[in-house]
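Read through the structure below, which is laid out as structure tokens, and then see the notes.
Each reported figure results from applying straightforward, stated rules to the coordinates on display, with no laboratory input. Note that the structure is a prediction, hence the values are computed from the model and not measured. Note that we place each Cβ from the backbone using ideal geometry, even for glycine, and neighbour counts take in every protein chain shown.
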Amino acid sequence: MLQKHQKMFDSLTFLFEKVFLFTNLNLFCTISTDGDKNANYFDWSSFKRGDLLEVPRTLFIHFGIYLGDNKVAHLMPDILPALTNDERQIHNVVTNKRLLLGVLSKIASIRIDTLEDFAYGSNIIVNHMDNILQKQQLPNEEVARRAEKLVGATPYSLLWNNCEHFVTYCRYGQPVSLQTDKFCDVLKRIIRDQRSFMLTAILGMISILYLGLAPSTTLPTILIPFTLWMAS
């Protein structure tokens with residue numbers, strides 16, 4: 001019976017991971033392509049202190065502020081500081097696994113890395129947000145100084161304090177996240193779509209068939225579809 005439960009759990013986890021990956025790839029590809037015709041791909045030697053840099057990273061676009069001398073300040077989720085005090089390990093380039101676990105645990109820091117580590121093998125776009133937000137940017141030196149003052153540990157929030165909030169605060173004086181706004185819009189559409197109600201109801205019935213009647217399976221099966229139905 002235990003193996004049956006584990007198999008069911010693994011199958012659902014795999015399904016949700018694939019659905020999450022698919023929706024997020026579509027979500028953030030939409031964001032990044034909205035202004036691709038105006039995107040500025042520059043040679044690294046042309047970067048100026050205070051420039052806003054962005055690179056594609058896993059499921060989202062990652063942002064940083066160029067400080068000069070091949071250094072970038074960026075807000076980076078990372079699980080490793082919660083697991084070790086070894087500064088040498090922590091300062092190594094943050095892998096995708098460390099990053100995703102940091103997002104889930106809401107642990108992050110504003111750190112300074114080299115351009116190579118920040119890019120993580122991707123092309124860097126510079127000051128693309130200037131064209132999208134159409135806000136008055138602060139002088140480059142002030143942008144860089146703001147970023148440097150904020151270096152250190154910080155709480156992470158996908159909705160309220162991510163790398164995009166950090167760079168837009170530094171460059172425009174106001175924290176904004178277009179990725180978060182787009183993500184929330186997608187969630188609203190999912191909640192309002194009556195097919196979400198049907199999907200959750202079906203998944204709930206499958207869980208009851210596999211795991212049996214119990215408060216841990218029956219209540220979510222009833223409450224989640226009901227909430228989605230009322231919101232749709």
Report summary line: Interchain or sequence-distant (5+) residues whose placed amide H lies within less than 5 Å of the amide H of HIS62 are VAL55, ARG57
Query raised in the report: Based on the Cβ-Cβ distance from ASN70 to ASN96, what FRET efficiency comes out when R0 is 25 Å, to the nearest 0.05?
Result: 0.65
Report summary line: Which of LYS97/LYS182; LYS48/LYS97; LYS71/LYS97; LYS71/LYS182; LYS106/LYS135 exceed 26 Å between C-alpha atoms? The answer is LYS48/LYS97; LYS71/LYS182; LYS106/LYS135
